[in-house]
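Here's the structure, in C-alpha cells; my notes come after.
Each value in this text was obtained by applying a stated rule to the coordinates, not by laboratory testing. If you're wondering where the values come from, they're calculated on a predicted model, not measured in any experiment. All Cβ positions, glycine included, derive from the backbone under ideal geometry; neighbour counts span all protein chains shown.
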Amino acid sequence: MKQKRPMDVWQIISFVILGLYALFLILPMFQLLRNSVVGADGQFSLEYFKEFFTKEYYYGTLFNSFKVSVAVTAASLVLGILFAYFYNLFEMKGKALLHTLAILCSMSPPFIGAYSWIQMFGRGGMFTKFFSSMFGIKFPDIYGFTGIVIVITCQLFPLVFLYITGALRNIDNSLIEAASGLGCSSFKRFFVVILPLCMPTILAAALLVFMRAFADFATPLLIGKGFQTFPVLIYNRYVGETSMNHNFAAALSVIGIVVTAAIFLVQKFATTRFSFTMNALHSIETHKPRRLTSILIHFYCYAVVGIAMLPQVFVAWQSFRKCRGGVFQPGYSLDSYREAFGKIMKRSLPNTFTIGLASLALVVLLAILIAYLVVRRSNAVNNVIDTLSMVPYIIPGAVVGIALVITFNDGPMVLTGTAAIMVIALIIRRLPYTIRSSVAILQQIPLSIEEAAISLGCSKLKAFFTVTVPMMTNGIMSGAVISWITIITELSTAIILYSVRTETLTLAIYTNVVQGNDGVASAIATILLAVTTASLLLFMKFSKNKEIAF
Amino acid sequence: MSVNIRIDHARKCYGSSVIIKDLSVHIREGEFFTLLGPSGCGKTTLLRMIAGFNSIEGGDFYFNDTRINDIDPSKRRIGMVFQNYAIFPHLSVADNVMFGLKNQPVRLPKAQMKAQAEKFMQLMHIDEYADRMPERLSGGQQQRVALARALVIQPDVLLMDEPLSNLDAKLRVEMRETIREIQRSVGITTVYVTHDQEEAMAVSDRIAVMNLGEIQQIGAPKAIYQRPANLFVASFIGRTNLLPGEIRIVDGQAELTVSGGYRMTMNNLLASEMHDQKVVVSVRPEEFILDTDGEGVRATVDSSTFLGLNMHYFLTLETGEHVQVIQEAELDSVLPEGSSVVLRMKQHKLNIFCEDGSRNLVRGVINDAAACQEG
C-alpha cells in the first residue's frame with residue numbers, strides 16, 4: 001500500500017530548475033536547429049549545410065580549427081606535464097611564486113595575450129622594430145597559425161600544470177618507492193608509473209585544452225589575419241548577416257556543436273579505459289636534484305612561466321607609456337589611464353561588476369541546488385537535469401550567444417540588448433563547471449550529517465542551508481573565484497549579445513583595440529588584470545587549502 | 001518522556017527487491033533493544049525506517065499510540081547516533097550539542113539552553129572540550145559529542161546505528177559500558193544496531209536476531225545464547241559445533257545418537273517432537289567434556305591454543321567432523337597433538353534442531369518474536 005506524500009521542497013526546486021533549462025537551453029537549441037534548416041524562401045532546406053561542405057573557404061576553417069586545437073593540446077600537454085613533474089618531484093626555489101604566476105597566466109583575459117604579442121612581435125611591434133634596427137634580425141611572422149598556437153598555448157599550459165599537480169598530489173609516495181625498489185630508474189618511472197597514474201587527469205586536461213582552443217575566438221580574430229578558424233567564421237557570418245534571420249550562422253553553430261560533442265564523446269570513451277581511484281596517505285616527496293639538473297629545471301620552469309607572463313607584463317608596462325593619437329611616444333605618463341577612466345567609469349566598469357556579480361550569485365546558487373539534487377535526490381527528473389547541466393560544456397561560447405539572440409529577439413520574451421540576456425548567457429556557460437565542482441564537494445560530505453540535523457529538529461531545507469552549505473563553503477568559494485574571473489574576462493558570448501548599454505570591460509578593451517587606441521586599450525586591460533589578480537590573491541589569502549577548482 | 005515502539009507488518013523494498021517482507025516487533029518503554037544480524041540483514045534499514053530516513057512501503061509504526069509513518073523525521077522526537085558520528089565539522093563541540101536545542105519547536109531561553117548543554121557535556125565528560133572544533137577530537141571523544149548531542153534534546157527514543165564500529169577494540173569496550181550506563185540513568189527507550197554479538201550481549205535488555213529481513217528470535221541475551229530458536233541463531237550467537245544426529249523413540253524415551261554412535265537419553269524434548277527423526281545437534285565448545293578414556297565419541301587432537309584462562313583444542317572426530325573444544329586450562333596436562341581422546345557432552349545444555357534447522361526441539365526456548373507476529 002503506497003501512500004501519496006505531499007510534494008516536498010526539493011521536488012518543487014527540481015521542477016523550477018527543469019523549467020529554467022527548458023526555457024533558456026532547450027528552447028534556444030531547438031530554435032538554433034530550426035533556423036539552420038530554413039532556406040531563404042522560408043521552406044525546409046539544407047542549403048547552408050551544403051554550402052558549408054562544398055566550399056573550401058568554409059569547411060577549410062574547420063580543418064584550421066582542428067590544426068590549431070591539436071597543436072595547442074600537444075604543446076600544452078608537453079610543457080605542462082614537464083613543468084608539473086619538475087615542480088612536484090624536485091626541490092626548487094620560489095615554488096609559491098611559480099604556482100601563483102601559473103594560476104595568474106591561466107586566468108588572464110583571453111585576447112590580451114594576442115593583443116600583446118602583436119604589440120611585441122607584430123609587424124609594427126616593439127621587439128620586431130628593436131631587433132631589426134639593432135641587429136638586422138627578422139622574426140618569423142607572428143600572424144596566422146604560429147601566432148594563434150603560441151598565444152593559446154601560453155594561456156593553456158598552466159592549466160595542464162595545475163591539473164597534473166593535483167593528480168600528482170594524489171599519488172602515494174610508496175608507489176614511487178615500490179617502483180624504485182623493483183629496479184625502475186627515475187627516468188623510466190616517469191613513463192611506466194607516474195604518467196599512467198596521471199592518465200585520467202591528463203585526458204581530462206587534454207579535453208579542456210582542446211575545447212578551449214577550439215572555441216577560442218578572440219585570439220584568432222586578432223592575430224589570425226588570413227588564417228580563419230571556425231569560431232571566427234561563425235562570428236563573421238553572424239555580423240555579416242545584417243537581416244534579422246541568422247540562418248547560416250545557425251547552421252554553422254549546429255556543425256560546431258556536433259564537432260565538440262564528438263570530441264567530448266571520444267574523450268569520455270578514452271577516460272573510461274583509464275579510470276581508477278587513488279588516495280595518497282603520504283604525498284610524493286621532493287628530491288634534491290644534482291647541481292646541473294637543478295639549474296636546468298629552474299631554467300625550464302622560470303622560462304615557461306616567464307614567457308606566459310610576458311604579454312601581461314608588457315601590456316601593463318605599455319599602459320604607462322606616453323601615447324598620443326594611438327601612437328606611443330618616448331617617456332611615461334598616466335594619460336592613458338585618465339582617458340580610459342573617462343571612457344569606462346560610466347558604463348563598462350559598473351556593468352562588469354553588476355553583470356558579473358549577478359551572474360556569479362546565480363551560478364553559485366543554482367550549482368549548489370543542482371549538485372544537491374543530483375547527488376542526494378537521484379531520480380528520473382534529476383537525472384535529466386544532470387544531463388542537461390552538462391550540455392553547455394560542449395557548446396562554444398559564440399554559439400550560446402547566437403542561440404539566445406535567435407530565441408529572444410522577438411516573440412513573447414524580448415531580451416536582446418538587455419543585461420538580463422548577458423547574465424543568462426554567462427550562467428549557461430559557467431554553470432557546468434561550478435556544478436561539477438559542487439558535486440565533487442557534496443559527494444565528500446556524508447549524508448548522515450544532514451540526517452543528524454533533521455533528527456535534531458531541522459526541516460529539510462534548513463538542514464541543507466545550516467549544515468550542508470556551510471560545509472561546502474570552502475570548496476564553493478574556490479569554484480566561485482574561478483567563476484568570477486572567467487565571467488569578467490568572457491568575450492566570445494558577450495561580443496554577440498552586447499549593446500551600448502551593456503558594454504563590459506572586456507568589450508571596452510576589444511573596441512579600443514579595434515579602433516587602434518592602444519594606450520587606452522592597454523590601460524583598461526591592465527585594470528582588468530589588476531581586478532583578476534586582486535580577486536585571486538584575496539582568495540588565496542583567505543582560503544584554507546589554497547586549492548583552485550576549475 | 002519515554003515511549004514504547006510498536007511495529008506491525010513493516011515492509012521495505014527498493015524497486016523490485018524486497019528487503020523486509022513482513023516484520024513485526026514490539027519494543028518496551030525504557031528498554032535497551034538491539035537489532036543484531038549479519039550485514040545486509042535489514043537491521044539498519046529497519047532503524048532508518050523508525051527514524052524516518054527510509055520510506056515505509058507497508059505496515060504501521062507506532063510510538064505509544066501515535067502512528068509515525070507520515071510524521072517528518074524532524075518531528076518524531078528521536079535522538080540519533082550515526083556510525084560515522086556525523087558531527088558538524090564547522091561547529092564547535094558546544095555548538096554541536098546546542099544545535100538540536102536551537103531547532104526545537106519550542107525554544108528554551110538562551111541561558112537555559114546553555115545550562116542544558118553544559119549538563120549533558122558533563123555527563124559525557126566532554127565539557128573541557130566545549131570550545132574545540134571537532135577535527136581536533138579523537139574518535140571516542142567525537143562519539144561522546146554525538147551521544148550528548150542526541151540526548152540533550154530529551155528525545156522519546158534513542159536510535160544508534162553501529163555507533164562503536166569505528167573505534168578500536170579497547171575503546172569499544174569502554175564506550176559500550178558508558179552507553180549502557182547513560183541509557184540506564186536517562187531511562188530512554190533505545191534501539192541499537194550492531195553486527196557484533198558480544199557487544200549486543202553486553203549492552204542489551206533484549207536482542208532481536210535478524211537474518212534476510214526477518215526476525216529469527218527476540219529475547220534476553222541469556223535466553224538467546226542458551227536456547228536459540230533455530231540453527232541460524234545458534235551459529236550466529238557465539239561459537240558452536242554442529243553434528244549430525246538422530247532421535248529415536250524407545251519405550252517412550254527419546255534416545256539421541258550423535259556422530260556415529262554415542263548415545264544419550266534426552267528428557268527435555270518438546271512433546272510435539274517426540275517422534276523418530278534426523279536432527280542437527282549444536283554443541284558449544286564449552287559443552288564438551290574431554291576425557292582420555294571411557295564412553296563417548298572418539299577423536300584425535302589436531303592442535304591446541306593456550307589462551308590463559310582456557311585451552312582451545314581442535315579435534316577431528318572418528319567420523320571425520322572437525323570440532324572445537326574449550327577446557328579450563330590446568331597446570332599440568334596439555335594434550336599433545338595426535339593423541340586419542342574421548343568426548344562426552346553436557347547433555348542438559350545441548351540444543352537439538354530439526355534437520356532443516358528451522359526449529360529447536362528442546363523445551364525452554366523463549367522467543368518474543370512469535371507473540372509480535374500474531375499481534
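Each of A:THR153, A:THR271 has some number of other Cβ atoms within 10 Å of its Cβ, and from fewest to most they run A:THR271, A:THR153. Per-residue 3J(HN,Hα) values for segment B:79-86, derived from phi via the Karplus relation 6.51 cos²θ - 1.76 cosθ + 1.60 with θ = phi - 60°, read x, 10, 10, 9, 4, 9, 6, 6 Hz in sequence order (x marks Gly and Pro). Model label sites at B:ASN267 and A:GLU285, defined 7 Å from Cα along the beta-carbon direction, differ in position by 7.5 nm.
Pairs from the list B:LYS12/B:LYS119; A:LYS67/A:LYS288; B:LYS12/B:LYS349; B:LYS278/B:LYS346; B:LYS43/B:LYS75; A:LYS129/A:LYS322 with a Cα-Cα gap above 30 Å: B:LYS12/B:LYS119; A:LYS67/A:LYS288; B:LYS12/B:LYS349. Of all the options B:ASN69, B:ASN230, B:ASN267, the one that moves most in a Gaussian network model of chain B with Cα springs shorter than 10 angstrom is B:ASN267. If R0 is 22 Å, the Cβ-Cβ spacing of B:SER339 and B:LEU242 corresponds to a FRET efficiency of close to 0.35. Dipole magnitude for segment A:353-492: computed about the Cα centre from +1 point charges on Lys and Arg Cβ and -1 point charges on Asp and Glu Cβ, it is near 180 debye.
Max-minus-min Cα coordinates of the protein assembly as shown on each principal axis give 123, 67, 64 Å, with the largest extent listed first. When chain B is treated as a Gaussian network with alpha carbon springs shorter than 10 Å, the biggest mean-square fluctuation among B:VAL323, B:VAL362, B:VAL18 belongs to B:VAL18.
Extension gain, A:ASN409 to A:GLU51, is 126.3 nm, computed as 0.36 nm per intervening residue step minus the present C-alpha separation. A convex hull fitted to the Cα coordinates of segment A:1-110 yields 311 cubic angstrom per residue. Using the Cβ of A:PHE230 as centre and a radius below 12 Å, the other residues enclosed give a net charge of +1, where K and R count +1 and D and E count -1. Straight-line reach from A:LYS225: taking Cα to Cα under 16 Å and skipping same-chain neighbours fewer than 8 places apart, the aspartates and glutamates in range are A:ASP141, A:ASP216.
Within segment A:112-189, the trypsin sites (Lys or Arg not before Pro) that combine a DSSP coil assignment with at most 16 other C-beta atoms in a 10 angstrom radius are A:ARG123, A:LYS138. The stretch between A:ALA380 and A:VAL192, if pulled fully straight at 0.36 nm per residue, gains 63.5 nm over its current Cα-Cα span.
Taking amide hydrogens as placed 1.01 Å from N in the peptide plane, the amide H of B:MET345 sits under 5 Å from those of B:ILE289, each at least 5 positions away in sequence or on another chain. Computed from phi, the 3J(HN,Hα) profile of segment A:463-479 under the Karplus parametrisation 6.51, -1.76, 1.60 (θ = phi - 60°) reads 4, 5, 7, 8, 10, 5, 4, x, 5, 7, 3, 4, x, 5, 4, 5, x Hz, with x in place of Gly and Pro. Restricting segment B:74-117 to trypsin sites (Lys or Arg not before Pro) that sit in a DSSP loop and have at most 12 other Cβ atoms within 10 Å of their own Cβ leaves B:ARG107. The modelled label-to-label distance for the pair A:THR473/A:VAL239, using points 7 Å beyond Cα in the direction of Cβ, is 4.6 nm.
About its Cα centre, chain A has a charge dipole of approximately 800 debye under the convention of +1 per Lys or Arg Cβ and -1 per Asp or Glu Cβ, with nothing else charged. Modelled this way, with points 7 Å down the Cα-to-C-beta line, the labels at A:LYS346 and B:GLU29 are 8.0 nm from one another.
Sparsely packed loop sites in segment B:1-98 (the chymotrypsin sites (Phe, Trp or Tyr not before Pro) outside DSSP H, G, I, E and B with at most 16 other Cβ atoms within 10 Å) do not occur.
For segment B:254-266, the Karplus equation 6.51 cos²θ - 1.76 cosθ + 1.60, evaluated at θ = phi - 60°, returns couplings of 8, 10, 9, 10, 10, 5, x, x, 5, 10, 9, 9, 9 Hz by residue, with Gly and Pro reported as x.
Using just the alpha carbons, could you tell me how many Å³ per residue the convex hull of chain B encloses?
Enclosed volume per residue, from the Cα hull, is 168 Å³.
With distances taken between every two different alpha-carbon atoms, segment B:1-127 has a Kirkwood hydrodynamic radius of 16.8 Å. Within a straight-line Cα-Cα reach of under 16 Å, A:LYS93 can be paired with the following aspartates and glutamates, leaving aside sequence neighbours fewer than 8 residues apart in one chain: A:GLU285.
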